[in-house]
Amino acid sequence: MKAVFLDRGSFPEQIDIPLPEKVDEFQQYHNSSAENVVERIRDADIVMTNKVVLSRAALEQCPSIKLVQVMATGMNNVDLEACQELGIAVQNVAGYSTVSVPEHTFAMILELRRNITRYREAIKQGQWASSEFFCFMDFPILDLNQSTLCIIGKGALGNRVATIAEAFGMNVIFAEHKQATNVREGYAAFDEAIKQADIITLHCPLTDQTRDVIDEATFAKMKPSAILINTGRGGLVNETALVNALKQQQIAGAGFDVATVEPMPNDHPLQAIAHYPNFILTPHVAWASHSAMTRLLQIACDNMAAFIDQ
């Protein structure tokens, strides 16, 4: 069988791809565009894609395709309806980042609560050397112990974050769906969870129901001392509302690993606050520890092997 990886460059070269034995022909490209996708996958049995878009128009021109292996969890880059109609199986990869994303989440939380980078930069500028006392305390330092963490999303990632939070001595609450009329056991009503939270972190999928789950009205309910973490999807938070909330000091800070447009262009709304000391922005790398990427590629190739053998 022939497999084609359309955007191999989205993973470091040093991480091996353990292809199934029955893949006897393999073609990989650093990246692909809409203009060259069809010519690259026309005679493929398996198409591997991380973020390259597979449209109906492209898939209809490639009758040999039997499987689309998405090298990620999200499948919004593939026309799933077209695949179903054309008899093309689609598989994604889940469960590979249940360590990496929660650890990145807490890296952001600790940075925002303890201001480590701001102290480091102040020392570089000579502020410690000129201090009257043995230390200087220009930036607030807040413990995680006894603070309240609101988690939106109770899947593998949300539960892992909760376990880490409890080890820090935090009070953990899971927020119910925003428009829910009934509150399930183990959850708190959305508005109440938002109002109580010192820290809010998002670990839910992006759907029509969760888009802009954090909006202007939600920011208005948060404590002025609260921080917001988003390592999920950019569309979960209304970015204009976030910019306004930080500019108006409605909340104390935010840490984001995602944006509605990626890579994030220079005219994106979040660029207006990228220099703020209480805003951390990383380029969608929360998932990308070495072990997580290795695990992702192994799971993806195991999935491909299982499909071939069925």
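Taking the residues in the stretch 97-119 that are open to solvent by less than 20 Å² (accessible area, probe 1.4 Å) and more than 23 Å from residue 169 (Cβ to Cβ) as candidates, determine which candidate is modelled with the lowest pLDDT.
Looking at the filtered set, the residue picked out is 97.
Please pick out the residue among 245, 272, 252 that is within 26 Å of residue 160 (Cα to Cα) and in contact (Cβ under 8 Å) with a residue 12 or more places away in the chain.
The conditions single out 252.
Evaluate the following for residue 42: is it open to solvent by 40 Å² or more (accessible area, probe 1.4 Å) and free of Cβ contacts under 8 Å to residues at least 24 places away in the same chain?
Details: open to solvent by 40 Å² or more (accessible area, probe 1.4 Å): yes; free of Cβ contacts under 8 Å to residues at least 24 places away in the same chain: yes.
Judged against the criteria, residue 42 is a match.
Test residue 283 against the stated conditions and say whether it is modelled with pLDDT under 95 and either under 25 Å from residue 99 (Cα atoms) or not in a loop (DSSP other than H, G, I, E, B) (or both).
Details: modelled with pLDDT under 95: no; either under 25 Å from residue 99 (Cα atoms) or not in a loop (DSSP other than H, G, I, E, B) (or both): yes.
So residue 283 does not fit the description; no.
Is there a residue in the stretch 69-92 that is under 14 Å from the mean Cα position of the chain (by Cα) and either among the aromatic types (Phe, Trp, Tyr) or more than 30 Å from residue 47 (Cβ to Cβ) (or both)?
Within the stretch 69-92, not a single residue is under 14 Å from the mean Cα position of the chain (by Cα) and either among the aromatic types (Phe, Trp, Tyr) or more than 30 Å from residue 47 (Cβ to Cβ) (or both).
Which residue pairs have Cβ atoms under 6 Å apart, sit 6 or more places apart or on different chains, and have a first residue in the stretch 120-139 that is within 19 Å of residue 277 (Cβ to Cβ) and a second that is at pLDDT 95 or above?
Taking only residues 6 or more apart or on different chains, the pairs are 139/115; 139/118.
Within the stretch 198-217, can one find any residue that is on the phi > 0 side of the Ramachandran plot, open to solvent by 10 Å² or more (accessible area, probe 1.4 Å) and either in contact with a Gly (Cβ under 7 Å, 6 or more places away or on another chain) or not in a helix (DSSP H, G or I) (or both)?
Step one: of the stretch 198-217, the residues on the phi > 0 side of the Ramachandran plot are 212.
From the residues that got through so far, the ones that are open to solvent by 10 Å² or more (accessible area, probe 1.4 Å) too are 212.
Checking which are either in contact with a Gly (Cβ under 7 Å, 6 or more places away or on another chain) or not in a helix (DSSP H, G or I) (or both) leaves us with 212.
The answer is yes, given that some residue of the stretch 198-217 is on the phi > 0 side of the Ramachandran plot, open to solvent by 10 Å² or more (accessible area, probe 1.4 Å) and either in contact with a Gly (Cβ under 7 Å, 6 or more places away or on another chain) or not in a helix (DSSP H, G or I) (or both).
Just give me the residues in the stretch 234-244 being under 14 Å from the mean Cα position of the chain (by Cα) and crowded, with 22+ Cβ neighbours inside 10 Å, in sequence order.
Going through the stretch 234-244, the residues under 14 Å from the mean Cα position of the chain (by Cα) turn out to be 234-237.
Within the stretch 234-244, 236, 237 meet the criteria.
Could you tell me whether residue 166 is over 19 Å from residue 228 (Cα atoms), surrounded by fewer than 14 Cβ atoms within 10 Å (Cβ to Cβ), modelled with pLDDT of 95 or more and not hydroxyl-bearing (Ser, Thr, Tyr)?
Details: over 19 Å from residue 228 (Cα atoms): no; surrounded by fewer than 14 Cβ atoms within 10 Å (Cβ to Cβ): yes; modelled with pLDDT of 95 or more: yes; not hydroxyl-bearing (Ser, Thr, Tyr): yes.
Against the criterion (over 19 Å from residue 228 (Cα atoms), surrounded by fewer than 14 Cβ atoms within 10 Å (Cβ to Cβ), modelled with pLDDT of 95 or more and not hydroxyl-bearing (Ser, Thr, Tyr)), residue 166 does not qualify.
The values are calculated or read from the model by the stated rules, or taken from the named source; none is laboratory data. Keep in mind the model is a prediction, meaning the values are calculated, not measured. Positions of Cβ are generated from backbone atoms using ideal geometry, with glycine treated the same way; all protein chains shown enter the neighbour counts. Keep in mind that these areas ignore ligands, DNA and RNA; they rest on the heavy atoms of the full protein, side chains included. Shrake-Rupley method; radii C 1.70, N 1.55, O 1.52, S 1.80 Å.
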